[in-house]
Amino acid sequence: MTEEVNSVEMKKTGVENNGFVVDQANDEPATLESRKNSLIEDQMYTLKLDSTEDQIPLKPYAGMPKNVLLHFSNQPCYRITREILFWLIIVATLAIIAATITIIALSPKCLDWWQRSPIYQVYPKSFRDSDSDGSGDLKGVQEKIDHFVYLDVSTVWVAPFYTSTLKDYRYAVEDFRSVDPSFGTMSDFENLLAGLHDKGIKLIIDLIPNHTSNKHKWFELSRNRTDKYTDYYIWHDCEYNGSYVTTPPNNWVSVYGDSAWEYDGERRQCYLHQFRKEQPDLNFHNPDVQDEILDIIKFWLGKGVDGFTVDAAKFLLEAEHLRDEPQVNKLQDPATIKSYGELYHDYTTTQVGMHDILRDFRQAMNSFSREPGRYRFMGTEANDQNTIAKTMMYYGNSFIQEADFPLNFYLFDLNKEISGNSVFDKVDLWMKSMPKGKWPHWMVGSPSNSRIASRVGSDYVKVINMLLLTLPGTPTTYYGEELGMQDNPMLNITADPSGQYNPAEYPEKTPMQWDTSSNAGFSGANTTWLPTNQDYQEVNVEVQKTQPNSTLNLYRDIIQLRKEELPIHRGWLCYAWNDANIFAYVREVDGMNKVFMMVLNFGVRVSVNIKVLIPDLPEQAKIRLSTISANNGKTVNIDNISTERGEGLILEYKTNKPLHNMEAFKDKCFISEKACYSSAFNLLYKNC
């Protein structure tokens, strides 16, 4: 009993001895009893502390029991602090959520893949021959994927490769679901598509819905009046005297001239062909035909294709009444009308219901666009040169989506009479006609048009590439334009021993010029389907990679600048100057004081004083890029900008007075996807 009292007494005075016991075996019962009594004392002492806290001060300590912890946590100083921290966390969480919602709500629409990069158009028969048969193929395109990566383009457009004949430029399709053997196999196509996607490159292809080849199985079944295929094409009674003389149903003329009607001896009727006689028009008044084309769209989308350009869209429907089309010259003898331009095509183009068909195409593509990053692109080819309002209808409207953009062919009109004013007129025509908020498109070359170097002149190739890559919108580059390739004027019919096609019709399709080896590195064959252009020793990828001032390296540099600089990427376009020699414009973004001015020379050597028109411009600007690389990095005076013939300058300067906010430039500035820059947060927002 004395030992227990002493133990409690020592514990109260804070001098308890916790040393070891010498003879544990002998003292174990006593020790257990002591610990039991000690626990009792602890509980009694805790109660005593609660009732008389002022007797012995106690502070929180590590490992304190629950009852002691609760004793302290209920004190005001700890409880208030805890509640403050709790509500601060709640408020901070709500603030983060609100800020996130606000940023999302105020953020402008992100540019899609078809808006962010130039489109590079490949004519596969001329791009690269992988099997040394003298003709390009899909494997050859795959072999050159690194060229697309080198250019930093992320969208490739491959011209038609369906089973068809070269005589009809590959646009008389015999089977929409197969690859022509001259280009390879379906496996080759699938491998090409996978190879492009592995590099982050999208693939778009041509859709040719207006007509088929006269060798297509549909046409064979239609001419035999077989079941539903009977009305797959546009058939009409016509007079035929048995001597190859046909009296057509009306005066309609094909694009290539002469009557748009051809007599078929098997069906004993005439069929309509708005292009060549080997390309009979499908009857889109027949719902079965529309379903066939929709199934074809879904077939290629199912393969993983990223989009289509719809060829000859305005020709899809014709008037069912088959009336004669009005003559341009009403005094002309109707019997002498042979040319397409001698008629107004009121009944064979842009008919009521045509846009409904295109919107059905769009809906089919949208059904494959639901996954993030897998939007399917749709462009339309119409070429309504004289009536741009018809071209703009392909954009659709704010309620109904149609094409992402119609292809812009207006720069095809540029020729050796080029001037600053003529370029300005073509750009301004599109920008002023385009519906608000839509996305523009630009191209200067295609498989059906003379190359820009031959049409305008090699002196202007670099400055035209600078124009394409710095205007707002999506530019399309036809293969070889990044090098300045020209047409081959030496082509003639004797170049094709088979006689299946006339090489003279293909001057803009000569083989891609890769290096200085035989056939410019295009093919290992002794003879290629078209002869290589004579200038390939100097104009090729291998040589131009090593030249700082080459067309190729400038092309890459402009794409890189476009990619890095927000004003060029998605800013305002404002016209600053245009005359016989110069076309100048600026690209700027709300909230950003960095501005880029393009000064492009399409005439002769000249100096211009742009400050005389825009006094608020700074005194000087830095040359970020010039078509003459030696001028890069130099400083120019805005009141005396000197350019050589065919020179282009991309100038950079800083200002807090953007042109698009000036009243004088109200009708000279355009924006598609408006974005405002916040320097404080380094982000874009749309309400500014």
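The values are calculated or read from the model by the stated rules, or taken from the named source; none is laboratory data. From a predicted model like this one, the values you see are computed outputs, not experimental measurements. Virtual Cβ from ideal backbone geometry, glycine too; neighbours counted across all protein chains shown. When the accessible area is computed, the model is the full protein with side chains, heavy atoms only, and any ligands, DNA or RNA have been set aside. Shrake-Rupley method; radii C 1.70, N 1.55, O 1.52, S 1.80 Å.
When each of the peptides 324-335, 433-444, 301-312 is scored by how many other beta carbons lie within 10 Å of its residues on average, the order from highest to lowest is 301-312, 433-444, 324-335.
Modelled spin-label separation between Arg225 and Phe299, with each label point placed 7 Å from Cα along the Cα-to-Cβ direction: 2.8 nm. Compared with the dominant Cα axis of the chain, that is its longest principal axis, helix 24-51 is turned about 80°.
What pairs in Lys144/Lys277; Lys634/Lys686; Lys199/Lys426; Lys634/Lys657; Lys144/Lys438 have C-alpha atoms more than 31 Å from each other?
Numbers: Lys144/Lys277 36 Å; Lys634/Lys686 35 Å; Lys199/Lys426 35 Å; Lys634/Lys657 23 Å; Lys144/Lys438 33 Å.
Over 31 Å Cα-Cα: Lys144/Lys277; Lys634/Lys686; Lys199/Lys426; Lys144/Lys438.
How much of the accessible area of the chain, probe 1.4 Å, is carbon plus sulfur, in whole percent? Please list the in-between numbers first.
Working: 16910 of 32330 Å².
C and S atoms contribute 52 percent here.
Cysteines in the chain lacking any other cysteine Cβ under 4.7 Å from their own Cβ: Cys77, Cys110. Take every Cα pair under 8 Å whose residues are at least 6 apart in sequence, average their separation, divide by the length of the chain, and the relative contact order is 10 percent. Considering only Leu88, Ala62, Gln121, and ranking their Cα positions along the charge dipole of the range 62-139 that arises from unit charges at the beta-carbon of Lys, Arg, Asp and Glu, the one farthest toward the positive end is Ala62.
Considering only Leu193, Ile104, Asn224, the residue lying farthest towards the positive end of the dipole of the range 100-258 is Ile104, judged by Cα position with unit charges set on Cβ. Taking a straight Cα-Cα cut-off under 16 Å and skipping sequence neighbours fewer than 8 places away in the same chain, the lysines within cross-link reach of Lys303 are Lys202.
Quick one: in the range 72-164, what % of C-alpha pairs are over 22 Å apart?
Working: 2641 of 4278 pairs.
The answer is 62 percent, as a whole percent.
For the chain, report the % of Cα-Cα distances exceeding 48 Å. Can you show the working numbers first?
Numbers: 80674 of 236328 pairs.
Percent of Cα pairs beyond 48 Å in the chain: 34.
Taking the 0 to 90 degree range and rounding to the nearest ten, how far is the long axis of helix 186-198 tilted relative to the main principal axis of the chain, both from C-alpha atoms? The angle comes out near 40 degrees. Annotation for the range 228-264 versus the range 622-663: alpha-carbon center distance of 59 Å.
Compute the relative contact order of the range 209-341 as a whole-number percentage, counting only Cα pairs closer than 8 Å that sit 6 or more residues apart in sequence.
Numbers: 189 pairs, mean separation 38.8, N = 133.
It rounds to 29 percent for the range 209-341.
Give the accessible surface of the range 69-216 per residue, rounded to a whole number of Å², with probe radius 1.4 Å and ligands, DNA and RNA excluded. Before the final figure, lay out each step's value.
Values: 6500 Å² over 148 residues.
With the other protein chains kept in place, the range 69-216 gives 44 Å² per residue.
As an exercise, use a Förster radius of 35 Å and the Cβ-Cβ distance of Lys654 and Ser107 to find the FRET efficiency, rounded to the nearest 0.05. Here the calculated transfer efficiency is 0.85.
Which listed residue (Tyr375, His355, Leu468) has the Cα farthest towards the positive end of the charge dipole for the range 345-495, taking +1 on Lys and Arg C-beta and -1 on Asp and Glu C-beta about the Cα centre? Among Tyr375, His355, Leu468, the one farthest towards the positive end of the dipole of the range 345-495 is Tyr375.
Applying both filters, DSSP loop and at most 13 other Cβ atoms within 10 Å, to the GluC sites (Glu not before Pro) of the range 186-271 gives Glu266.
Calculated accessible area for the range 579-659 comes out at 39 Å² per residue, all protein chains present (probe 1.4 Å; ligands, DNA, RNA ignored). Helix 551-564 and the longest principal axis of the Cα set of the chain meet at an angle near 40°.
Computed about the Cα centre, the dipole magnitude for the chain is approximately 1640 debye when only Lys and Arg (+1) and Asp and Glu (-1) carry charge, each at its Cβ.
What's the extension gain from Leu566 to Met490 if we count 0.36 nm per residue and subtract their Cα-Cα distance? Provide the component values of the computation, followed by the final result.
Values: separation 76, 0.36 × 76 = 27.36 nm, distance 4.46 nm.
Fully extending the segment from Leu566 to Met490 adds 22.9 nm.
DSSP assigns beta bridges within the range 82-230; of those with both partners inside it, close to 25 percent run antiparallel. Given R0 = 25 Å, the distance between the Cβ atoms of Ser132 and Gln534 translates into a calculated FRET efficiency of 0.70.
If the chain between Gln363 and Val255 were fully stretched, how many nm would it gain, using 0.36 nm times the residue separation less the Cα-Cα distance? It would help to have the intermediate numbers written out before the result.
Details: separation 108, 0.36 × 108 = 38.88 nm, distance 2.99 nm.
Answer, rounded to one decimal: 35.9 nm.
For the range 333-398, what is the accessible area per residue in Å², given a 1.4 Å probe and the full set of protein chains? Kindly include the intermediate steps, with their values, before the conclusion.
Working: 3210 Å² over 66 residues.
Here the residues of the range 333-398 average 49 Å² of exposed surface.
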